[in-house]
1. Would you tally the net charge around residue 123, using a Cβ to Cβ cut-off of less than 15 Å, leaving residue 123 out, and scoring K and R as +1, D and E as -1?
2. Please give the per residue accessible area of the chain, computed with a probe of 1.4 Å over protein heavy atoms only, in Å².
3. Restricting to Cα pairs below 8 Å that are 6+ residues apart, what does the relative contact order work out to for the chain? Please round to a whole percent.
4. Could you look at the chain and say what percent of its accessible area is carbon and sulfur, using a 1.4 Å probe and all protein chains?
5. Dimensions of the chain along principal axes (Cα, Å, largest first)?
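The values are calculated or read from the model by the stated rules, or taken from the named source; none is laboratory data. No experiment lies behind these values; they were computed from the predicted model shown. Counting neighbours? That spans all protein chains shown, and the Cβs are built from the backbone with ideal geometry, glycine included. Note: accessible area is taken over every heavy atom of the protein model, side chains too, but ligands, DNA and RNA are not part of it. Shrake-Rupley method; radii C 1.70, N 1.55, O 1.52, S 1.80 Å.
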Amino acid sequence: TFGDSSFNGTNQGTYGRYELEVSMGNRRPTSVITDGIGNTVNDGDGRAINEGDIFTLDISVSDPDGDTPTVTVVLADGGGNDTGMGAYDSGTGVLTWFAGQGDEGGYSVTVTVCDAEVCTVTTLSLTVNGVNIIPTTPGQVAPVDAAMVPTLTPTLIVDNAFDPDPDTITYDFQLYYF
(Lines give C-alpha, C1' and ligand atoms only; values in the text may rest on other atoms or scores of the structure.)
Protein backbone atom coordinates (compact mmCIF):
# COMPACT_ATOMS: atom_id res chain seq x y z
CA THR A 1 0.00 0.00 0.00
CA PHE A 2 1.34 3.38 -0.91
CA GLY A 3 1.02 6.10 1.75
CA ASP A 4 -1.66 6.19 4.37
CA SER A 5 -4.30 3.57 3.53
CA SER A 6 -6.98 5.44 5.50
CA PHE A 7 -6.26 8.82 3.89
CA ASN A 8 -9.40 10.93 3.57
CA GLY A 9 -7.77 14.07 2.25
CA THR A 10 -7.54 16.17 5.44
CA ASN A 11 -5.33 16.47 8.52
CA GLN A 12 -3.22 13.46 7.85
CA GLY A 13 0.50 13.42 7.54
CA THR A 14 1.45 11.89 4.24
CA TYR A 15 4.62 13.91 4.09
CA GLY A 16 7.79 11.95 4.38
CA ARG A 17 10.12 9.50 2.77
CA TYR A 18 8.63 6.60 0.81
CA GLU A 19 10.29 3.67 -0.87
CA LEU A 20 8.78 2.30 -4.05
CA GLU A 21 9.79 -1.06 -5.44
CA VAL A 22 9.11 -1.72 -9.12
CA SER A 23 9.38 -5.21 -10.46
CA MET A 24 9.03 -6.45 -14.02
CA GLY A 25 5.82 -8.33 -14.71
CA ASN A 26 5.35 -11.02 -17.30
CA ARG A 27 6.44 -9.82 -20.75
CA ARG A 28 4.97 -10.91 -24.04
CA PRO A 29 6.54 -13.73 -26.00
CA THR A 30 7.98 -12.68 -29.33
CA SER A 31 8.00 -14.22 -32.77
CA VAL A 32 10.06 -13.70 -35.89
CA ILE A 33 8.21 -14.91 -38.97
CA THR A 34 9.74 -15.20 -42.43
CA ASP A 35 8.16 -16.34 -45.67
CA GLY A 36 9.55 -19.06 -47.90
CA ILE A 37 12.01 -16.68 -49.58
CA GLY A 38 13.36 -15.16 -46.35
CA ASN A 39 11.36 -11.93 -46.15
CA THR A 40 10.23 -10.91 -42.66
CA VAL A 41 6.46 -11.00 -42.13
CA ASN A 42 4.93 -8.26 -39.97
CA ASP A 43 1.39 -7.99 -38.65
CA GLY A 44 -0.90 -6.78 -41.45
CA ASP A 45 1.45 -7.76 -44.29
CA GLY A 46 0.17 -9.49 -47.42
CA ARG A 47 1.55 -12.13 -49.74
CA ALA A 48 0.36 -13.65 -53.03
CA ILE A 49 0.96 -17.09 -54.51
CA ASN A 50 -0.46 -19.05 -57.44
CA GLU A 51 -2.51 -22.21 -57.44
CA GLY A 52 -0.03 -25.06 -57.50
CA ASP A 53 2.52 -23.21 -55.33
CA ILE A 54 3.70 -24.27 -51.89
CA PHE A 55 3.38 -21.54 -49.24
CA THR A 56 5.70 -21.69 -46.23
CA LEU A 57 6.28 -19.63 -43.11
CA ASP A 58 9.24 -20.11 -40.77
CA ILE A 59 8.14 -19.18 -37.24
CA SER A 60 10.78 -18.63 -34.56
CA VAL A 61 9.52 -17.86 -31.03
CA SER A 62 11.06 -16.82 -27.73
CA ASP A 63 9.96 -15.51 -24.34
CA PRO A 64 12.01 -12.88 -22.48
CA ASP A 65 10.96 -14.41 -19.13
CA GLY A 66 12.10 -17.92 -20.09
CA ASP A 67 8.57 -19.34 -20.37
CA THR A 68 7.94 -21.96 -23.06
CA PRO A 69 5.65 -20.32 -25.64
CA THR A 70 2.91 -22.23 -27.43
CA VAL A 71 2.23 -21.53 -31.10
CA THR A 72 -1.13 -21.79 -32.86
CA VAL A 73 -1.42 -21.24 -36.62
CA VAL A 74 -4.80 -20.81 -38.32
CA LEU A 75 -5.28 -20.58 -42.09
CA ALA A 76 -8.72 -19.02 -42.59
CA ASP A 77 -10.80 -18.40 -45.69
CA GLY A 78 -12.11 -14.97 -46.71
CA GLY A 79 -15.01 -15.36 -44.26
CA GLY A 80 -12.65 -15.96 -41.34
CA ASN A 81 -13.45 -19.67 -41.09
CA ASP A 82 -10.59 -22.04 -40.24
CA THR A 83 -9.95 -24.06 -43.41
CA GLY A 84 -8.04 -26.82 -41.64
CA MET A 85 -5.56 -26.61 -44.52
CA GLY A 86 -1.84 -26.28 -44.04
CA ALA A 87 0.40 -28.17 -41.66
CA TYR A 88 2.36 -26.57 -38.83
CA ASP A 89 5.31 -28.57 -37.52
CA SER A 90 6.02 -27.38 -33.98
CA GLY A 91 9.37 -29.19 -34.02
CA THR A 92 10.74 -27.18 -36.95
CA GLY A 93 8.51 -24.12 -36.61
CA VAL A 94 7.44 -24.36 -40.25
CA LEU A 95 3.95 -23.92 -41.70
CA THR A 96 3.52 -25.58 -45.12
CA TRP A 97 0.48 -25.37 -47.39
CA PHE A 98 0.07 -26.57 -50.97
CA ALA A 99 -2.41 -24.25 -52.72
CA GLY A 100 -4.13 -26.65 -55.08
CA GLN A 101 -6.28 -26.12 -58.12
CA GLY A 102 -9.54 -24.53 -56.97
CA ASP A 103 -7.99 -22.75 -53.94
CA GLU A 104 -8.11 -19.37 -55.69
CA GLY A 105 -9.19 -16.55 -53.37
CA GLY A 106 -8.33 -14.61 -50.24
CA TYR A 107 -7.08 -16.14 -47.00
CA SER A 108 -5.58 -15.01 -43.72
CA VAL A 109 -2.85 -16.69 -41.72
CA THR A 110 -2.92 -15.93 -37.99
CA VAL A 111 0.05 -16.90 -35.83
CA THR A 112 -0.65 -16.72 -32.08
CA VAL A 113 2.26 -17.11 -29.66
CA CYS A 114 1.33 -17.41 -25.95
CA ASP A 115 3.03 -17.97 -22.65
CA ALA A 116 1.04 -18.71 -19.49
CA GLU A 117 -0.43 -15.18 -19.34
CA VAL A 118 -0.10 -13.11 -22.52
CA CYS A 119 -0.16 -13.63 -26.29
CA THR A 120 1.33 -12.01 -29.36
CA VAL A 121 -0.73 -12.24 -32.57
CA THR A 122 0.50 -11.71 -36.13
CA THR A 123 -1.97 -11.84 -39.04
CA LEU A 124 -0.98 -12.01 -42.68
CA SER A 125 -3.31 -11.78 -45.68
CA LEU A 126 -2.70 -14.31 -48.42
CA THR A 127 -4.07 -14.17 -51.96
CA VAL A 128 -4.07 -17.30 -54.10
CA ASN A 129 -4.18 -16.40 -57.78
CA GLY A 130 -6.00 -18.70 -60.19
CA VAL A 131 -3.88 -20.42 -62.83
CA ASN A 132 -5.38 -21.63 -66.10
CA ILE A 133 -4.40 -25.22 -66.80
CA ILE A 134 -4.33 -26.23 -70.45
CA PRO A 135 -6.95 -28.85 -71.33
CA THR A 136 -6.02 -32.20 -72.82
CA THR A 137 -6.05 -32.64 -76.59
CA PRO A 138 -9.10 -34.41 -78.00
CA GLY A 139 -8.27 -37.79 -79.45
CA GLN A 140 -9.42 -38.57 -82.98
CA VAL A 141 -11.30 -41.88 -83.17
CA ALA A 142 -12.72 -41.87 -86.70
CA PRO A 143 -11.81 -41.54 -89.43
CA VAL A 144 -8.44 -42.99 -88.59
CA ASP A 145 -5.60 -40.51 -88.98
CA ALA A 146 -4.69 -39.93 -92.67
CA ALA A 147 -7.42 -42.31 -93.85
CA MET A 148 -9.18 -41.68 -97.14
CA VAL A 149 -12.96 -41.47 -96.89
CA PRO A 150 -15.34 -41.98 -99.82
CA THR A 151 -17.64 -39.03 -98.96
CA LEU A 152 -17.38 -35.26 -98.98
CA THR A 153 -19.20 -35.11 -95.62
CA PRO A 154 -17.38 -37.53 -93.31
CA THR A 155 -18.43 -38.09 -89.72
CA LEU A 156 -15.75 -37.07 -87.26
CA ILE A 157 -15.65 -38.91 -83.93
CA VAL A 158 -13.29 -37.75 -81.14
CA ASP A 159 -12.71 -38.48 -77.49
CA ASN A 160 -13.54 -35.31 -75.59
CA ALA A 161 -10.81 -33.18 -74.12
CA PHE A 162 -10.71 -32.61 -70.35
CA ASP A 163 -10.12 -29.24 -68.69
CA PRO A 164 -9.14 -29.34 -64.99
CA ASP A 165 -10.51 -25.78 -64.74
CA PRO A 166 -14.26 -25.49 -65.12
CA ASP A 167 -13.76 -23.56 -68.37
CA THR A 168 -15.86 -24.22 -71.48
CA ILE A 169 -13.94 -26.14 -74.13
CA THR A 170 -14.42 -25.30 -77.81
CA TYR A 171 -13.08 -27.31 -80.73
CA ASP A 172 -11.74 -26.20 -84.09
CA PHE A 173 -11.16 -28.95 -86.68
CA GLN A 174 -9.71 -28.69 -90.14
CA LEU A 175 -10.61 -31.19 -92.88
CA TYR A 176 -8.67 -31.36 -96.11
CA TYR A 177 -10.13 -32.31 -99.47
CA PHE A 178 -7.79 -34.02 -101.96
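1. -4
2. 70 Å²
3. 20 percent
4. 51 percent
5. Answer, in whole Å and largest first: 123, 36, 23 Å.
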